[in-house]
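First the structure, in the form of C-alpha cells, and then the observations on it.
Laboratory data are not the source of any read-out in this text; all were calculated from the coordinates shown. In this text the structure is predicted, and so the values were computed from the model without any measurement. Positions of Cβ are backbone-derived with ideal geometry, glycine not excepted, and every protein chain shown enters the neighbour counts.
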Amino acid sequence: MMSLASTACADPEREHLARLAHEIELLTPLIDAAEASADQSARIKFRYDRLRHELEIIRMGILEQVYSAPPAPRRIRPLSGDYRR
C-alpha cells in the first residue's frame, strides 16, 4: 500500500482529504480526555464509544477515496472519416 503522503501529493483534493483523515485521527486524545473527565454519576452519559466508532467510519471512508484509483478513461469510438457517398 502506498504511503498517505505520496498518494495525497498527486492531487490537491486527495491531499486535503488525507489531511482531514489525519485531523480526525488527532481527535482521539481529546476524546480520551473528555471521557476521563466525565461525571460517572451523571444520569445521562455521552456515548464516547459510539463517537469513536463513527469517527473511524468517516475516516475510513475518506481514506478509501484517497487510496482509490482514478476512474479508467472511457473508450471513444473511432470516427470513420468517410463523409462522401
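Remark: segment 4-67 projects, on average over all directions, an area of 4.5 nm² (convex hull of Cα atoms). Between Asp11 and Ser41, the FRET efficiency from the beta-carbon distance, with R0 = 35 Å, is close to 0.10. Normalising the average separation of contacting C-alpha pairs (under 8 angstrom, six or more residues apart) by the number of residues puts the relative contact order of segment 4-67 at 48 percent.
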